[in-house]
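Report on the following structure.
The values are calculated or read from the model by the stated rules, or taken from the named source; none is laboratory data. These numbers come from a predicted model, not from an experiment. Using ideal geometry, Cβ is built from the backbone for each residue, glycine included, and neighbour counts are taken over all protein chains shown. Keep in mind that these areas ignore ligands, DNA and RNA; they rest on the heavy atoms of the full protein, side chains included. Shrake-Rupley method; radii C 1.70, N 1.55, O 1.52, S 1.80 Å.
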Amino acid sequence: MRQPLPGGMPALFSRSNEQRVSCMKLDSFLDSTDRLATLVPELLHLLGEKEEVPTSWRALLERSGALRRQGGKLSLVATLYGPTGAGKSTLFRQLTGIEVPAGDEIRPLSRGCAMAVPEQWDQAERGPALRSVLPGFDLRPLDRPDRLRQEDGQGLVWYRSAERLGGESRGEAGPGAPGLFLVDVPDFNSLEIANHERAERVLRRAEVVVFVVTGDSYADQKVVEELARCCQVAARLVILITKVASAEKARLKWADLLDDKLTRPDLPWRAKFQGKREDKRTLEEFLRGCPVHAWPFSANPSLEDLRPVTEGAPSLASLLLGLDAEKVAAEGLLQAGASTREWIGQLADRAEAARKERQGWRASLDEDLARAGLAVAGHEFPIGRTLEVLMEESRAGQNRMFQWITYPISRISGWLQGGFQVVTETIRSAISQPGPGSELVRLEVAERKSLLKVAEELTDKWRDRLPAWVGKLDSDRCRQARAALEAVTLPAPKTDWEGTLRQAAKEWVEKNPTLAHTLPTVLDMTAVGGLGLFVLDLSFAGGLLGSHVVLGSLGTGGLVAGGAGLAAVLARMADRMHFRGVLEEADRAWREQRGREIADHLRQHLLPALLGEKLKETDRLTSFPVEEMRRLATELTRKPDHE
């Protein structure tokens, strides 16, 4: 976690078009950047974004990281940035006196970056402070020029002190004073991709960019694209046009770029330069205000040949040395923050759209699971526990009301006696000698068979309609998910549904006291143990997830009085003794409760095995603090009252 900066929070200054000086609090800015540095990568991962993040975002992280490590006293980084053969290394050598590969040699001339540091920084004890200027880079002393040809990683920077810059003294400065660090980077259009990445990384950190381009390549597509990138992130931008016949030729080429190439609607560049900077100027307006210098072609190039194209512009060295470090540092942060804010706003919009889409997808999964749970629960009827409760309430009714009643069994019709005998014997036989094909089965046996079938239908259905961001589900993954489900024991049903059943049974007893009195006698289950564990298997042809709203329920193929078997006998008995309503209430309460329990079981054990990470990402996206991210992005450009 970032520690508070020592000595309180300094104010960093920037200048608007109206030349008004305003301030921003460093502490608030860094806190917002820190939090965004956590949220943005997470959101990109949740969205599955593959696009390259904008340079402005990376610049914000690079600059705020450097500022944090330097205790709020940011030293400026200026980079010489340009295409191959533009003369960057020659310019660096002329400005600093540091020998680097340059000129008409085999390219790339260098793979590492060369950095000129103030003399007071080139000391062993200043190592930690020097590394804080370019956090995350590998800084090493430059002892010979050929070091720059080494391939030692993208973050390698070779440094050496330079007391003067372009023949001008850097001035007196104490060890803790902000300094100007000039970095020569590899060509951004090198055939070696790593060179471009090294150059762009320094660009993100640099507040000041000297864009070096030849008179022949000023209008090349790659050059113009990189120029737009520089306009987005640089606090200060200087243009240097090299290898031209004269400063006037450079002026004409620059005017051609600004007044023709960037304004023609048939070219794609115009739109790139219409984005807004922190001060509300477009990139084009900013570019038009940048100082331009020319370096005419010479067999022996010298800084004396540098000519300002912009009227009244100081020399390049004076321009660099005259920068107000504090002000330019603030401008660099605010510019990166302003460009980042727009992008984060777009990212937040995409997050909200994705959240809505994924919530809909998750809701559709829940609907499928609910239907699957009802299908499994509707495939069975809890006959055992239903008969137990009926007899319990009938006996309770006897004790309460009918102890004096004698109702001989001979008064019961022969059919009912035979029916009860069939039910009794069938149940006893099924319990004592369970076998395949029996209507009466243990609850866990019936449910496991139905559960595996419904799981197969669910996985097949989901494979055919997964959103693109979920990816593909192969048959092995589906098979493994079903195996994981099969390995888990189903939870026993809760007893809540019995409350509905018991209330219906009590009402039947009260309305049919005579029949209730005889039921425990003719339906003799006293010797049948474990009756409550058995259910009627209401199997029939077709998938469990067919077109029926509720499958296996009493109204759609369950207890049909005109059929055969135990279910049909029980249905006819229920009609004759008027307790069909009790069975229907039991069936409804059972399906509702057990259906939810089965759906929860599938949600806990099938979904994670099948779609685990995507479900976690969806849940996280649902709770992701999008509005906080928008607010933090606003903090990056908020300007408090004047101080």
* Structure fact -> Sorted on mean Cβ neighbours within 10 Å (highest first), peptides 486-499, 609-622 come out as 609-622, 486-499
* Take every Cα pair under 8 Å in region 193-285 that's 6+ residues apart, average their separations, divide by the length, and report that relative contact order as a whole percent. => 26
* Cβ-Cβ FRET estimate between ARG477 and ARG270, R0 fixed at 56 Å, reported to 0.05 -> 0.70
* Asked: With every protein chain present, what accessible area does ARG502 have (1.4 Å probe, heavy atoms only), rounded to the nearest 10 Å²?
  -> 60
* Gyration tensor verdict on region 178-243 (Cα atoms; rounded if a/c is under 1.5, prolate if a/b is larger than b/c, oblate otherwise) -> oblate
* To do: Using a 1.4 Å probe and ignoring any ligands, DNA or RNA, find the accessible area of VAL309 and quote it in Å² to the nearest 10.
  => 30
* Solvent-accessible area of VAL53 with every protein chain in place, 1.4 Å probe, in Å² to the nearest 10 -> 20
* Using Cα centres only, tell me the gap between region 77-99 and region 455-470 in whole Å. => 58
* Asked: Given a Förster radius of 35 Å and the C-beta distance between GLU486 and ASP366 as r, what FRET efficiency does 1/(1 + (r/R0)^6) yield to the nearest 0.05?
  -> 0.95
* Measure out, as a whole number of angstrom, how far apart the alpha-carbon centroids of region 569-594 and region 190-236 sit. => 80
* **Members of LYS449/LYS616; LYS88/LYS261; LYS356/LYS616 lying beyond 18 Å, as alpha-carbon distances in this model show** => LYS449/LYS616; LYS88/LYS261
* So for THR521, THR96, what's the accessible-area order with a 1.4 Å probe, most first? -> THR521, THR96
* To do: Please give the peptides 55-68, 273-286, 326-339 ranked by average Cβ packing (other Cβ atoms within 10 Å per residue), highest first, as a rough proxy for protection.
  => 326-339, 55-68, 273-286
* Solvent exposure ordering (accessible area, 1.4 Å, most first) of LEU458, LEU466 -> LEU466, LEU458
* Going highest first, how would you order 469-479, 352-362 by mean Cβ packing within 10 Å? -> 352-362, 469-479
